[in-house]
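Quick notes on the structure that follows.
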Amino acid sequence: MTDAILEVQDLVKHFPVKLPGIARIFWGGDLAVHAVDGVSFSLRRGEIFGLVGESGCGKTTVGRTVLRLVEPTTGTIRFEGTDITHLKERELRPLRKRMQIIFQDPHASLNPGMTIGQSIADPLIIHEAADEKEAKRAALEIMTEVGLSPAEQMYRKYPADLSGGQKQRAVIARAMILKPQLIVADEPVAMLDMSIRSRVLELMLDLKRRYGPTYLFITHDLATAKFICDRIAIMYLGRIVEMGPSKGIYADPKHPYTKALLEAIPVPDPMRRGRKVLPRGEVPDAVHPPAGCRFHPRCPVAMPTCGWEGRDFVDFLELRWLSPEIAAAEAALGPVEEWTTDGLIARRRVRDADPDALAAKARTILGDVGSPMTQAMEAVTVEEESLVVRFRPPAPLQPKDLEGRLVECLLY
Amino acid sequence: MSDTVLEASRLRVYYSTRRGPVKAVDGVSFELSRGETLGVVGETGCGKSTLGKSILGILPPRTTVEGTLRFLGKDLASLPREELRKIRGKEIALIFQDPMTRLDPLFTIEDHFVETIRAHEDVSKGEAIERAVKALASMGIPESRLKHYPHEFSGGMRQRIMIAMSLVMNPKLLIADEPTTSLDVIVEAQILEILEDLRRVYKMSLLLITHNLGIVAEVCDRLAVMYAGKFVELGGVRDVFRTPVHPYTQALLASTIHLESKELFSIDGLPPDLIDPPPACRFHPRCTYAQEICRTEEPAWVEYRPGHFAACHFGKDFL
């Protein structure tokens, strides 16, 4: 028996992309957004666990899936030892009292037609945990605790009368009134002004000291996560790339993506300006995540084994206007538009040129570039009137135990 | 010739509402030199975006604007409409927080560029496209994407397109209103580097409006701290970050959560209602140092060290 309150095993969530008929034939079936692609973690009772990553990394989907607000595609979710992955809504109901969620946008989280007090008391009534009189008494009590005072007066106000910070307090009060064991807090301070953020975070810490809930704290802000999380998991394109105690991760980040995120945060100290080493480009499309390590196309320390494939080759040719060498390569290998890709292969039809001479030339040019991508090429050949660039399959990637944390990177 | 690109003097912008005028900008003065980056920092509703819009003259109708705004010595308010139109978008460019809402979804990127360039210059379509290609390339966007529509780009790409579009006219002044707020932290850092390079290479002046003190520390030469429609402090970034004079600046710096924060700090109370702001020093209801004089007398704008100004009765105590 562990003291884990929440255990998530190999969680996968794919959102289907609806395509018109003709496109479906072209792609061979419907496509899916790989929002979460095999994520495992567990929350110990009473800790604050941070799920950190950029938009589109799947952190919000994980948060909603563990509460079964979104149905998982595969994987298991155990809450307080019970497998809740396939529980029916009726069976989930009694458990729902014990898990609550706080959303990012406090303006959209409160019913504008209900008074603040009614909204906060509502969970007690819905779960038949109290009659109206008791519910009101409990609401007034929790409102005082979260700093919505004078509570009697605030009880009668409507969301429109409150500031953003006050609304977020009301949302927290509503989540806390059932004294839940688990609270999923999805970017609870992202929409608040700096001067108010700290107060809301302090309130969450204060409530934890008093009632001991476990928080799953979802954020894009590594600085906030550092401040309040005991352990964190860094997500990138549906995968956890690094997970462990916050202290260690901030003191000595292992994964190149974690390093990049930390490096990118603006430092409020003008004495410490400097050029940053930033990853190229942006997070790729989650419909077709990159092979191997999903960070490899942007990784500053990528190796030939990290998952290079046909698309990376085409993306490389696309960079021609940035470097004369690449422009020369593109001029020799043919315009980017004529290349097609399929997994590990990129190909271009050649008609007029001497294919073998072209292949030889291509090998020389690509050999000269000397990037991890070109080193990952297995062969440049001519097959059926096409110039074909073929990559070696990536080395298998597994999360590895490293100094008390998990890191998913071939460097280690 | 003076090096001042923009000069605002006792600028006031009042929005008219049923409850009375909203004093969004209430007596703001500053200068911006060639090639300089000035950060304007403040919280939601402090008037910083209004300040940016007033420079371009894109405020809603029935808004009262008082004071003077001089651009390269010319009083913007006294210019004829036609001349103002020539300056706007050509010599003064603006980039917004959310690029998606500023690009027309029905037009390709090429259309956007051609229209922007031809609105200001009498050039052929081909020449306009050629310039668009160059501008986009400098932002790392390939020519092959000219025919694409705004929705086909990521948030960071759209912001690069917006920057490229404002730069294609080679403006003297760029106003950037929260240019990276809707972007992820890595893309934000990329965009900030682009802005920094542009300033260095083209000697462009930049007015950077933001709530993020980290960004100010990384890219600005000077900063102005705005509270409830007024500047409360103005100075070189190093001076202001090292010895903030105004208690609001101090509080804002302390409440910024960064990787080395040792404790959480927040400012009590709420920002004031700009229809009926507190008298005298507007920060006094939330200020831990407030005395009687702060409630009755408006603090003077004092220069504490060369180029470092603040408006606080007790400014000397914090030096």
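Can you pull out the residues in the stretch B:7-46 that are within 14 Å of chain A (Cβ to nearest Cβ) and touching a strand residue (DSSP E or B) at 6+ places or on another chain (Cβ under 6 Å)? Lay out the reasoning, then the answer.
So the first thing to find is which residues in the stretch B:7-46 are within 14 Å of chain A (Cβ to nearest Cβ), and the list is B:37-39, B:41-46.
Selection gives B:Thr37, B:Leu38, B:Gly39, B:Val41, B:Gly42, B:Cys46.
So A:Thr305 ticks every box in (1) of a type in the set (S, T, N, Q); (2) farther than 17 Å from A:Phe391 by Cβ; (3) buried (at least 16 other Cβ atoms within 10 Å of the Cβ) but one. Which box is left unticked?
The failed condition is (2).
Identify all residues within the stretch B:281-304 that are of a type outside the set (Phe, Trp, Tyr) and crowded, with 17+ Cβ neighbours inside 10 Å; write none if there are none. I'd like the intermediate steps shown before the answer.
Step one: of the stretch B:281-304, the residues of a type outside the set (Phe, Trp, Tyr) are B:281-282, B:284-288, B:290-300, B:302-303.
Those that are of a type outside the set (Phe, Trp, Tyr) and crowded, with 17+ Cβ neighbours inside 10 Å: B:Cys281, B:Arg282, B:His284, B:Arg286, B:Cys287, B:Ala290, B:Cys294, B:Pro299.
From the set of residues in the stretch A:74-99 that are in contact (Cβ under 8 Å) with a residue 40 or more places away in the chain and in contact with a Phe, Trp or Tyr (Cβ under 9 Å, 6 or more places away or on another chain), which is farthest from B:Ser182 (Cα to Cα)?
By that ranking, first place goes to A:Arg98.
So in the stretch B:1-53, with the set limited to residues that are farther than 22 Å from B:Pro271 by Cβ and among the acidic types (Asp, Glu), which one is farthest from the chain's Cα centre (by Cα)?
B:Asp3
Quick one: would you say A:Leu397 is outside the structural domain of A:Ile234 (by TED's automatic domain parsing), assigned to a strand (DSSP E or B) and in contact (Cβ under 8 Å) with a residue 60 or more places away in the chain? It would help to see each step written out before you state the result.
Details: outside the structural domain of A:Ile234 (by TED's automatic domain parsing): yes; assigned to a strand (DSSP E or B): no; in contact (Cβ under 8 Å) with a residue 60 or more places away in the chain: yes.
Taking the combined requirement at face value, the residue does not satisfy it.
Looking at the stretch B:1-28, I want the residues that are more than 22 Å from B:Val41 (Cβ to Cβ) and have a partner that is aliphatic (A, V, I, L, M) with Cβ atoms under 6 Å, at least 6 apart or on another chain. Which pairs are those?
B:Arg19/B:Ile275; B:Gly20/B:Ile275
Which of the residues that make up the stretch A:184-210 are surrounded by fewer than 20 Cβ atoms within 10 Å (Cβ to Cβ) and facing chain B (nearest Cβ under 9 Å)?
Matches in the stretch A:184-210: A:Glu202, A:Leu205.
How do the strands (runs of 3 or more DSSP E) wholly within the stretch B:1-81 filter down when requiring 1 or more residues that are under 30 Å from B:Arg200 (Cα atoms) and touching a Phe, Trp or Tyr at 6+ places or on another chain (Cβ under 8 Å): which remain? Full working, then the answer.
Values: elements: B:4-15, B:22-33, B:37-41, B:63-71.
Once the strands (runs of 3 or more DSSP E) in the stretch B:1-81 are filtered for at least 1 residues that are under 30 Å from B:Arg200 (Cα atoms) and touching a Phe, Trp or Tyr at 6+ places or on another chain (Cβ under 8 Å), what remains is B:4-15, B:22-33, B:37-41.
Quick check on my filter: what residues within the stretch B:120-153 are among the small types (Gly, Ala, Ser) and facing another protein chain (nearest Cβ under 10 Å)? Lay out the reasoning, then the answer.
Restricting attention to the stretch B:120-153, the residues satisfying the condition of being among the small types (Gly, Ala, Ser) are B:124, B:126, B:128, B:132, B:135, B:137-138, B:140, B:144.
Passing the criteria: B:Ala137, B:Ser138, B:Gly140, B:Ser144.
I want to confirm something. Restricting to the stretch A:264-298 and keeping residues that are of a type in the set (Asp, Glu) and closer than 27 Å to A:Gly38 by Cα, which single residue is nearest to the other protein chains (Cβ to nearest Cβ)?
Here is the first cut: in the stretch A:264-298, the ones of a type in the set (Asp, Glu) are A:269, A:282, A:285.
Narrowing the set further to residues that are closer than 27 Å to A:Gly38 by Cα leaves A:282, A:285.
Values: A:Glu282: 5, A:Asp285: 9 Å.
Residue satisfying both the conditions and the ranking: A:Glu282.
In the set A:Ala329, A:Ala346, which member is assigned to a helix (DSSP H, G or I), in contact (Cβ under 8 Å) with a residue 12 or more places away in the chain and surrounded by 12 or more Cβ atoms within 10 Å (Cβ to Cβ)? Steps first, answer last, please.
Details: A:Ala346 fails: assigned to a helix (DSSP H, G or I).
Checking each option against the conditions leaves just A:Ala329.
Would you say A:Ile240 is of a type in the set (Val, Ile, Thr) and in contact with a Gly (Cβ under 8 Å, 6 or more places away or on another chain)? Please lay out each step first, then the result.
Working: of a type in the set (Val, Ile, Thr): yes; in contact with a Gly (Cβ under 8 Å, 6 or more places away or on another chain): no.
Against the criterion (of a type in the set (Val, Ile, Thr) and in contact with a Gly (Cβ under 8 Å, 6 or more places away or on another chain)), A:Ile240 does not qualify.
Can you pull out the residues in the stretch B:193-207 that are surrounded by fewer than 21 Cβ atoms within 10 Å (Cβ to Cβ), within 22 Å of A:Pro279 (Cα to Cα) and within 14 Å of chain A (Cβ to nearest Cβ)? So that I can check it myself, show each step before the final result.
Just the residues of the stretch B:193-207 that are surrounded by fewer than 21 Cβ atoms within 10 Å (Cβ to Cβ), to begin with: B:193-194, B:196-203.
Pick out the ones that are also within 22 Å of A:Pro279 (Cα to Cα) and you get B:193-194, B:196-198.
Correct list: B:Glu193, B:Ile194, B:Glu196, B:Asp197.
Would you mind telling me which numbered condition in (1) more than 22 Å from A:Pro213 (Cα to Cα); (2) surrounded by 15 or more Cβ atoms within 10 Å (Cβ to Cβ) A:Ala130 fails?
For A:Ala130, the exception is condition (1).
Identify, from the list B:Arg19, B:Arg12, the residue that is surrounded by fewer than 17 Cβ atoms within 10 Å (Cβ to Cβ) and charged (D, E, K, R).
On the way: B:Arg12 fails: surrounded by fewer than 17 Cβ atoms within 10 Å (Cβ to Cβ).
So the residue among B:Arg19, B:Arg12 that is surrounded by fewer than 17 Cβ atoms within 10 Å (Cβ to Cβ) and charged (D, E, K, R) is B:Arg19.
Does at least one position in the stretch A:392-401 carry a residue that is over 27 Å from the mean Cα position of the chain (by Cα) and surrounded by fewer than 19 Cβ atoms within 10 Å (Cβ to Cβ)?
The first filter runs over the stretch A:392-401 and keeps only residues over 27 Å from the mean Cα position of the chain (by Cα), leaving A:392.
Pick out the ones that are also surrounded by fewer than 19 Cβ atoms within 10 Å (Cβ to Cβ) and you get A:392.
Yes, the stretch A:392-401 contains at least one residue that is over 27 Å from the mean Cα position of the chain (by Cα) and surrounded by fewer than 19 Cβ atoms within 10 Å (Cβ to Cβ).
Which of the residues belonging to the stretch A:264-285 are within 18 Å of the chain's Cα centre (by Cα) and surrounded by fewer than 21 Cβ atoms within 10 Å (Cβ to Cβ)? Let's see the steps before the verdict.
First pass over the stretch A:264-285, keeping only residues within 18 Å of the chain's Cα centre (by Cα): A:264-265, A:279, A:281-285.
Of everything in the stretch A:264-285, those that are within 18 Å of the chain's Cα centre (by Cα) and surrounded by fewer than 21 Cβ atoms within 10 Å (Cβ to Cβ) turn out to be A:Ile265, A:Gly281, A:Glu282, A:Pro284, A:Asp285.
Return the only residue of B:Gly156, B:Gly214 being within 11 Å of chain A (Cβ to nearest Cβ), assigned to a helix (DSSP H, G or I), touching a His at 6+ places or on another chain (Cβ under 7 Å) and not basic (Lys, Arg).
Answer to the selection: B:Gly214.
Would it be correct to say that A:Ile232 is within 11 Å of chain B (Cβ to nearest Cβ), hydrophobic (A, V, I, L, M, F, W, C) and touching a strand residue (DSSP E or B) at 6+ places or on another chain (Cβ under 6 Å)?
Numbers: within 11 Å of chain B (Cβ to nearest Cβ): no; hydrophobic (A, V, I, L, M, F, W, C): yes; touching a strand residue (DSSP E or B) at 6+ places or on another chain (Cβ under 6 Å): yes.
No.
The values are calculated or read from the model by the stated rules, or taken from the named source; none is laboratory data. Predicted model, so just to flag it, every value in this text is computed and none were measured. Ideal geometry is used to build each Cβ from the backbone, glycine not excepted, and the neighbour counts take in all protein chains shown.
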